[in-house]
Amino acid sequence: TVSKSDKSKARIGLRFKEKVGKKAKNRSGELVAMTERFEVLKSKMKLLVASLHAQHAAMIELNRTRHEVARNLGAIAEKSPIYEFAGQLPGSETPKGAVTSYASVHQSMANRNKMYIDRYKQFVVDYSIEWEKVVVTRISNDLKTSEKFRLDLDHYQNKVESLRKSVNATMAKGKLVDPKTSEKLKRNEEKLSRSRAEYEDYTTQLCILIEEVTERAWKDLHPLLIKMAQFDATLASDEAKLFGELNAVVNNLKNVAQQHGLKPQARLKELSQLSAAQIDTKGAASALPLTD
């Protein structure tokens, strides 16, 4: 009998021979082709997961910076005629009731986006990670098992070939073959036959599995694509509705411009070139009402 330790040593020896240039025996051509398809899919899935991770991180960062920009705008507008429409937040006292400002709209969107970002992580990113893990783990482990079966097959084939060579050499010399050698040959031929059947059956089933996860990967992509399409459509609709409130902010800011005699064009050129006396608008502003 051959111990597991001896089989392991034999596999290691066969692997070493294959690495140094000896062609692997008994390797299924179909399995080689299927393995190449699996490697292509694995590469694509890795890129998909990485891009979804990156998009999730970008969503978090965009939500943070949008909110930060709104706060900083409000900080500069504080105690000015435009603060009510720039930086005022819900909860602040205002004679006109409900607050609608650039900052309030972005704060509402930031709070809502936290929920959207959590759902994106749960239903999109996590699904893609699990899909990749299931496919890669299952196929990789099965390929390792298949390779063990192949190495066992190679081992018994080499052993049978060696024994047959010895028997033929003995017979060529006109000598009788030792019964123990004949029995050993018969025993190993049976092991070779079983090993070949095990390897062929296992690789056949493995090829079917790889074909399913590669050629019909679209079936596993389908629920992910639905979630992503639903997410994008819902988020876009919600953003359009909420950011639509900024139209009121724009109208209010235009009213302020009329009240204070502001031109549509920015005054950066004047700030860079004119004298302080020419730039000073304090007197003109004090003569105008701040609100309707």
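The values are calculated or read from the model by the stated rules, or taken from the named source; none is laboratory data. Keep in mind that what you see is a predicted model, and the values were worked out from it rather than measured. Ideal geometry is used to build each Cβ from the backbone, glycine not excepted, and the neighbour counts take in all protein chains shown. Surface areas here come from the heavy atoms of the whole protein model, side chains and all, with no ligands, DNA or RNA. Shrake-Rupley method; radii C 1.70, N 1.55, O 1.52, S 1.80 Å.
Tabulated results
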quantity: Contacts under 8 angstrom Cβ, first residue in region 70-89 being assigned to a helix (DSSP H, G or I), partner among the basic types (K, R), 6 or more apart; calculated: E84/K96
quantity: Residue among K180, K241, K227 that is open to solvent by 50 Å² or more (accessible area, probe 1.4 Å) and more than 30 Å from Q122 (Cα to Cα); calculated: K180
quantity: Number of the condition not met by A197 [criteria: (1) open to solvent by 80 Å² or more (accessible area, probe 1.4 Å); (2) modelled with pLDDT of 95 or more; (3) over 28 Å from D118 (Cα atoms)]; calculated: (1)
quantity: Which numbered condition V135 fails, given (1) farther than 30 Å from V213 by Cβ; (2) surrounded by 17 or more Cβ atoms within 10 Å (Cβ to Cβ); calculated: (1)
quantity: Hits in region 162-177 - residues which are open to solvent by less than 90 Å² (accessible area, probe 1.4 Å), assigned to a helix (DSSP H, G or I), within 19 Å of E190 (Cβ to Cβ) and free of Cβ contacts under 8 Å to residues at least 24 places away in the same chain; calculated: S162, S166, V167
quantity: Where a residue in region 230-254 is assigned to a helix (DSSP H, G or I) and its partner, wherever it lies, is of a type in the set (F, W, Y), with Cβ under 7 Å and at least six apart; calculated: F231/Y120; L235/Y116; L246/Y102; V249/F85; V249/Y102; N252/F85; L253/F85
quantity: Residue match in region 253-263 (condition: closer than 30 Å to K114 by Cα and in contact with a helix residue (DSSP H, G or I) (Cβ under 9 Å, 6 or more places away or on another chain)); calculated: yes
quantity: Cross-chain or 6+ apart pairs with Cβ under 8 Å, region 139-155 first and over 17 Å from T204 (Cβ atoms) and in contact (Cβ under 8 Å) with a residue 60 or more places away in the chain, then surrounded by fewer than 19 Cβ atoms within 10 Å (Cβ to Cβ) and among the basic types (K, R); calculated: L151/R11; L151/R15; D154/K25; H155/K7; H155/R11
quantity: Residue that is modelled with the lowest pLDDT [pool: residues in region 260-292 that are within 22 Å of Y83 (Cα to Cα), of a type in the set (S, T, N, Q) and loosely packed, with under 10 Cβ neighbours inside 10 Å]; calculated: S286
quantity: Residue that is farthest from F149 (Cα to Cα) [pool: residues in region 201-221 that are charged (D, E, K, R) and open to solvent by less than 100 Å² (accessible area, probe 1.4 Å)]; calculated: D220
